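Trainee: Next up is a structure, given as structure tokens.
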Protein chains: 2
Amino acid sequence: MSGTTLDDYTGRYASRVHGMAQSEIRALFSVASRPEVVSLAGGNPYTAALPMDELGEMFTRLLSQVGAEALGYCPGQGSVALRESLCGVLELSGIRASADDLVLTTGAQQGLDLLARTFLDPGDIVLAEGPTYVGALGAFQAAQADVRHLPMDDDGLVPAGLEEGLAALEREGRRAKFLYTIPTYQNPAGVTMTEDRREEILAIAERHGLLIIEDDPYSMISFDGTPPAPLRARADRGVIYLGTVSKIFAAGLRLGWVLAPPAVRDKLLLAIEASILCPSGLTQEATLRFLTEMEWRQQVKVFNTLYRDRRDALLAALGDYMPEGMTWTVPGGGLFIWATLPDGLDSKAMLPRALQERVAYVPGTGFYADGNGRREMRLNFSTQTAEAIREGVRRLAGVVAGDIELRDTFAGGAA
Amino acid sequence: MSGTTLDDYTGRYASRVHGMAQSEIRALFSVASRPEVVSLAGGNPYTAALPMDELGEMFTRLLSQVGAEALGYCPGQGSVALRESLCGVLELSGIRASADDLVLTTGAQQGLDLLARTFLDPGDIVLAEGPTYVGALGAFQAAQADVRHLPMDDDGLVPAGLEEGLAALEREGRRAKFLYTIPTYQNPAGVTMTEDRREEILAIAERHGLLIIEDDPYSMISFDGTPPAPLRARADRGVIYLGTVSKIFAAGLRLGWVLAPPAVRDKLLLAIEASILCPSGLTQEATLRFLTEMEWRQQVKVFNTLYRDRRDALLAALGDYMPEGMTWTVPGGGLFIWATLPDGLDSKAMLPRALQERVAYVPGTGFYADGNGRREMRLNFSTQTAEAIREGVRRLAGVVAGDIELRDTFAGGAA
């Protein structure tokens, strides 16, 4: 036995390391990516729908025109031209921003990480929807924060739940550092905060001096009309806004941004320089050209048409195959549906049986910091064809039916 | 007056924010990049020497062959094929590594940040050469560590100085979390740790159970023969090794790596997933193709020939123009020369006068955590032509001579 797998470093790690655990989604990837498995566990946009030849020409032009700059170091805040161009994109959602207030990041994930590092001391409290984005939980937990979930329904975060959460904190003599929310086509829940709720949530936040971090990766991935305007379009103070090109262009570029008030932006800049110096100049320039030289809004329509068909296929298959007692959300956009198993079933315990039947999903527990989500699961509809999705749901329905039978047998027969 | 520049968030920031300050190098960039200024303050490799047409063709092939994968999310550890290919590159320096033990990062800077987050609690002690890489100071200070500098001479880190530093800590009842070192063509000092010193440093570290973090971005940027093998080639336990393609290919790809024992690698993986999910799949694939489809070793020779001429031009100009009392290092590779002003001069105070004379450099204080470096400066030779370098040094020598005169006048005339 070689000694190299022993941990010689125990006792040398920083205390924050102990709060970090592998996300359940990551652990799943190797099994779920086997070709015989229909994976509803993914989260990748369907990048195969991008015009690769046109992109090849764009990169060739880019390198011949500005190759030396794009391949060198760039300012920590990122390219001014790209930031200006992104302000134009934000304007489409009603957000008025100055290029000065944007910080470009290695995907929106890094925006979350920089905000966590800027605002969170160990033990600090963060409010978030339950369930919420697993990567946000990872970033907040790496900063040793304590995430408290707030209730959500088909209309998004419940204002009364936020009020109660804040009142509970007040009784404890505590204060939340911020509210983290994904109002539109939420990951994983697939629900959208209504117009009225947005105004209510903002009013509550203002009354309590609560900072809001709005994560908005999906609002352009929309199937049934335009979603309500982002929180940041309604209030420019008190809302820090995160965006990304991962869903409208390509996640592999790792290009996101944080829109923050000047004082916060300055802290984020220091944090990004300490962590990566600057995001890739090459992927910044490619994004700039995607937004200025290519028909990017047409490309987003291509994605949306494709995803709408697949969402419809997933919804239809759920309706056709799933046994009584199973429920799910009906997203107007984004990449995910959130499903809840019949009472007494456990999505995590069921997963090995699902994989045996060659279908994968993400169990719900990964999307909560507090152990909730055992009856829930996330189903993705962006990576598989409509036919594969239907077949996957057929397999999954068989597994659910089997678990219901098992439950009823061991419960002494509920039938 | 608009309220938006006021800091509404004071009192809400994490305590680590207070340790973060803008690097002096970053602050300089805007002034130093004016066209009339000869900037010896840069740190960019000369990316204009890359074959842009060939790279354009490479990106076109890449996108048509594996575009969908390269533009999607990838595993947090990075592409297996690239990690295997990098193991081949490491072997050229005598390092035997398994692809499993490499974690790909957004430049080597992110490797430093991940290591800081993995090992450093507030108040922890890090040992480092004085001066040292400004980005390492940034990462360690963001983790609220206490950096203690160790003496260095023309042969690199001084073993007796390391012994003394360790003894001093022992007397305080403290322990260093690790030694951070750039043994080859050190940034900013331009010196290289000799063969014998490497063995001595490793022996001391082993005796004291001191973990070493070896940062090795420059060892292939070599002008006068091959440098001594890296520490990691001599000891596979107790040394964590950082590399990057920033100098052999392009910094704008933001592609680096950490080679670490499995236990540490696992922590780094958790940390990278929490901070960026994964590095760019596109720049990973481009790097793989640079290393497998292009004549990359030939490209490194192109860089080295170019930089050697420029280093020689800088050394010659320093010898020709600089007044008595000025000293500098003679690097065998890398991008930088470290110069020391005559006694009583101050490189930071002198900078405005230098900029007025249209020449820029980086004052030495930025490379120390303890306020040292006031007589020192870093001079870069990778970004300017030999002619521009000569002209820059001529201007700088005039400024130094002026400051000497000023000093002598105010000191009552030393002449």
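Trainee: Take A:R311 and tell me if it is more than 30 Å from A:R117 (Cα to Cα), over 24 Å from the mean Cα position of the chain (by Cα) and open to solvent by less than 30 Å² (accessible area, probe 1.4 Å).
Mentor: Values: more than 30 Å from A:R117 (Cα to Cα): yes; over 24 Å from the mean Cα position of the chain (by Cα): no; open to solvent by less than 30 Å² (accessible area, probe 1.4 Å): yes.
Criteria not met by A:R311.
Trainee: Which residue pairs have Cβ atoms under 7 Å apart, sit 6 or more places apart or on different chains, and have a first residue in the stretch B:253-265 that is more than 13 Å from B:L242 (Cα to Cα) and more than 11 Å from chain A (Cβ to nearest Cβ) and a second that is part of a strand (DSSP E or B) and at pLDDT 95 or above?
Mentor: Taking only residues 6 or more apart or on different chains, not a single pair turns up.
Trainee: Confirm whether B:E387 is out of contact with any Phe, Trp or Tyr (no Cβ under 8 Å at 6 or more places or on another chain) and open to solvent by 10 Å² or more (accessible area, probe 1.4 Å).
Mentor: Here the answer is yes, as B:E387 does meet what is asked.
Trainee: Out of curiosity, is A:L255 of a type in the set (A, V, I, L, M) and at pLDDT 95 or above?
Mentor: For A:L255, the condition - of a type in the set (A, V, I, L, M) and at pLDDT 95 or above - is met.
Trainee: Moving on to the next point. Taking A:A260, is it surrounded by 24 or more Cβ atoms within 10 Å (Cβ to Cβ) and at pLDDT 95 or above? Let's see the steps before the verdict.
Mentor: Details: surrounded by 24 or more Cβ atoms within 10 Å (Cβ to Cβ): yes; at pLDDT 95 or above: yes.
Yes, satisfied.
Trainee: A follow-up question, please. Only one of B:D403, B:D370 is charged (D, E, K, R), open to solvent by less than 20 Å² (accessible area, probe 1.4 Å) and outside the structural domain of B:P151 (by the TED database); which?
Mentor: B:D403
Trainee: Identify, from the list B:T184, B:T226, the residue that is of a type in the set (S, T, N, Q), more than 23 Å from B:P363 (Cβ to Cβ), in contact (Cβ under 8 Å) with a residue 12 or more places away in the chain and assigned to a loop (DSSP other than H, G, I, E, B). Don't jump to the end; show me each part of the working.
Mentor: Values: B:T226 fails: in contact (Cβ under 8 Å) with a residue 12 or more places away in the chain.
On inspection, the qualifying residue turns out to be B:T184.
Trainee: Assuming B:G76 fulfils every condition listed in (1) facing another protein chain (nearest Cβ under 8 Å); (2) within 23 Å of the chain's Cα centre (by Cα); (3) of a type outside the set (F, W, Y) apart from one, which condition is it?
Mentor: Checking B:G76 against (1) facing another protein chain (nearest Cβ under 8 Å); (2) within 23 Å of the chain's Cα centre (by Cα); (3) of a type outside the set (F, W, Y), the one that fails is (2).
Trainee: Hey, can you tell me all the residues within the stretch B:86-99 that are in contact (Cβ under 8 Å) with a residue 24 or more places away in the chain and either facing chain A (nearest Cβ under 10 Å) or small (G, A, S) (or both)?
Mentor: B:G88, B:S93, B:G94, B:A97
Trainee: Here is a further query. Go through the stretch A:151-167 and give me each residue that's open to solvent by 10 Å² or more (accessible area, probe 1.4 Å) and within 17 Å of the chain's Cα centre (by Cα).
Mentor: Residue satisfying the conditions is A:M152 alone.
Trainee: Quick check on the stretch A:327-338. Is at least one of its residues more than 24 Å from A:P228 (Cβ to Cβ), open to solvent by less than 30 Å² (accessible area, probe 1.4 Å) and in contact (Cβ under 8 Å) with a residue 12 or more places away in the chain?
Mentor: Checking the stretch A:327-338: not a single residue is more than 24 Å from A:P228 (Cβ to Cβ), open to solvent by less than 30 Å² (accessible area, probe 1.4 Å) and in contact (Cβ under 8 Å) with a residue 12 or more places away in the chain.
Trainee: Quick check on my filter: what residues within the stretch A:97-119 are open to solvent by less than 20 Å² (accessible area, probe 1.4 Å), among the polar types (S, T, N, Q) and more than 19 Å from the chain's Cα centre (by Cα)?
Mentor: Across the stretch A:97-119, the qualifying residue is only A:T118.
Trainee: Collect the residues in the stretch B:120-138 that are open to solvent by less than 20 Å² (accessible area, probe 1.4 Å) and either among the polar types (S, T, N, Q) or under 16 Å from A:A143 (Cβ atoms) (or both), keeping them in residue-number order.
Mentor: Of everything in the stretch B:120-138, those that are open to solvent by less than 20 Å² (accessible area, probe 1.4 Å) and either among the polar types (S, T, N, Q) or under 16 Å from A:A143 (Cβ atoms) (or both) turn out to be B:L120, B:T132.
Trainee: Those residues that are at pLDDT 95 or above and in contact with a Lys or Arg (Cβ under 9 Å, 6 or more places away or on another chain), I need them from the stretch A:67-95; list them, please.
Mentor: Listed by number, the residues that qualify are A:C87, A:L90, A:L92, A:S93, A:G94, A:I95.
Trainee: Looking at (1) buried (at least 24 other Cβ atoms within 10 Å of the Cβ); (2) at the interface with chain A (Cβ under 8 Å from one of its Cβ atoms); (3) free of Cβ contacts under 8 Å to residues at least 60 places away in the same chain, find the lone condition where B:V245 falls short.
Mentor: Of the numbered conditions (1) buried (at least 24 other Cβ atoms within 10 Å of the Cβ); (2) at the interface with chain A (Cβ under 8 Å from one of its Cβ atoms); (3) free of Cβ contacts under 8 Å to residues at least 60 places away in the same chain, the odd one out for B:V245 is (2).
Trainee: Could you grab me the full set of residues in the stretch A:266-287 that are within 19 Å of B:A251 (Cα to Cα) and more than 9 Å from chain B (Cβ to nearest Cβ)?
Mentor: Within the stretch A:266-287, A:I272, A:T287 meet the criteria.
Trainee: Go through the stretch B:58-73 and count every residue that is at the interface with another protein chain (Cβ under 7 Å from one of its Cβ atoms) and closer than 14 Å to A:M52 by Cβ. Full working, then the answer.
Mentor: Applying the first criterion (at the interface with another protein chain (Cβ under 7 Å from one of its Cβ atoms)) to the stretch B:58-73 yields B:59-60, B:63-64, B:67-68, B:70-73.
Imposing the further condition that a residue be closer than 14 Å to A:M52 by Cβ reduces the set to B:59-60, B:63-64, B:67-68, B:70-72.
Total satisfying the criteria: 9.
Trainee: What number goes with the only condition from (1) open to solvent by 10 Å² or more (accessible area, probe 1.4 Å); (2) more than 14 Å from every other protein chain (Cβ to nearest Cβ) that A:K177 does not pass?
Mentor: (2)
Trainee: A further question follows. Restricting to the stretch B:27-51, name every residue that is surrounded by fewer than 20 Cβ atoms within 10 Å (Cβ to Cβ) and either of a type in the set (K, R) or in a helix (DSSP H, G or I) (or both).
Mentor: Answer for the stretch B:27-51, where residues must be surrounded by fewer than 20 Cβ atoms within 10 Å (Cβ to Cβ) and either of a type in the set (K, R) or in a helix (DSSP H, G or I) (or both): B:A27, B:F29, B:S30, B:V31, B:R34, B:A48, B:A49.
Trainee: Does B:R198 qualify as being out of contact with any Lys or Arg (no Cβ under 9 Å at 6 or more places or on another chain) and of a type in the set (D, E, K, R)?
Mentor: Working: out of contact with any Lys or Arg (no Cβ under 9 Å at 6 or more places or on another chain): no; of a type in the set (D, E, K, R): yes.
So B:R198 does not fit the description; no.
Trainee: Among what's in the stretch A:41-63 and is more than 17 Å from A:T292 (Cβ to Cβ) and of a type in the set (S, T, N, Q), pick the residue that is nearest to the chain's Cα centre (by Cα).
Mentor: My answer is A:N44.
Trainee: Filter the stretch B:267-299 for residues that are under 22 Å from A:L112 (Cβ atoms), open to solvent by 20 Å² or more (accessible area, probe 1.4 Å) and without any contact (Cβ under 8 Å) to a residue 60 or more places away in the chain and give the result.
Mentor: Scanning the stretch B:267-299 gives a single hit, B:L270.
Trainee: Continuing with this model, one more query. If A:H18 meets every condition in (1) open to solvent by 20 Å² or more (accessible area, probe 1.4 Å); (2) more than 9 Å from chain B (Cβ to nearest Cβ); (3) in contact (Cβ under 8 Å) with a residue 40 or more places away in the chain; (4) not basic (K, R) apart from one, which number is that one?
Mentor: The failed condition is (3).
Trainee: Turning to a different aspect of this structure: Report yes if B:R353 is closer than 26 Å to B:A21 by Cβ, open to solvent by 40 Å² or more (accessible area, probe 1.4 Å) and over 26 Å from the mean Cα position of the chain (by Cα), otherwise no.
Mentor: So B:R353 passes the test.
The values are calculated or read from the model by the stated rules, or taken from the named source; none is laboratory data. All values reported here derive from a predicted model rather than from experimental measurement. Using ideal geometry, Cβ is built from the backbone for each residue, glycine included, and neighbour counts are taken over all protein chains shown. Each accessible area value is taken on the protein alone, full model and side chains, heavy atoms only, with ligands, DNA and RNA left out. Shrake-Rupley method; radii C 1.70, N 1.55, O 1.52, S 1.80 Å.
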